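Notes for the one structure printed next.
The values are calculated or read from the model by the stated rules, or taken from the named source; none is laboratory data. Remember, it's a predicted structure, so these values are computed and weren't measured experimentally. Areas reflect the complete protein model, heavy atoms only, side chains present, ligands, DNA and RNA absent. Shrake-Rupley method; radii C 1.70, N 1.55, O 1.52, S 1.80 Å.
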Amino acid sequence: MEILYPGCDPCAYKRVDRCIRAAIVKRMDLAVIENEALKLSAAERALLADHLMASLAVGDTPVMKAWAEEGERRLSMFREGKISAVDGRSAVSALRKKS
């Protein structure tokens, strides 16, 4: 039986084993990064999320432009006191209660 792993030579057991171990270590690294990121303040997490999203953007797509404009609009409304901030957990909880 052949087990195929992306980027690994299926004929070499040791290579497959190394790939599995590397994937486990990489997953643990992601968990560590996530845990550390969750220790940041809400503002710091938002800034980090913005930087990560920007790193995924390919070109200036209309969708990204629309979200940027929406974000600026909401920030202006918040600064003017027209809307208040709600943390993510509260927002998700409220949405779940509605459905």
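With θ set to phi - 60° and the Karplus curve 6.51 cos²θ - 1.76 cosθ + 1.60, what are the ³J(HN,Hα) couplings of the range 32-38 in order, to the nearest whole Hz, using x for Gly and Pro?
So the J values, rounded to whole Hz, are 5, 4, 4, 4, 5, 5, 5.
Just to make sure I understand: if all protein chains stay in place, what is the order of Arg74, Arg27, Arg45 by accessible area at 1.4 Å, largest first?
Heavy-atom accessible area, descending, gives Arg27, Arg74, Arg45.
Given the whole protein assembly as supplied and a 1.4 Å probe, what does the accessible area of Glu36 come to in Å², nearest 10?
100
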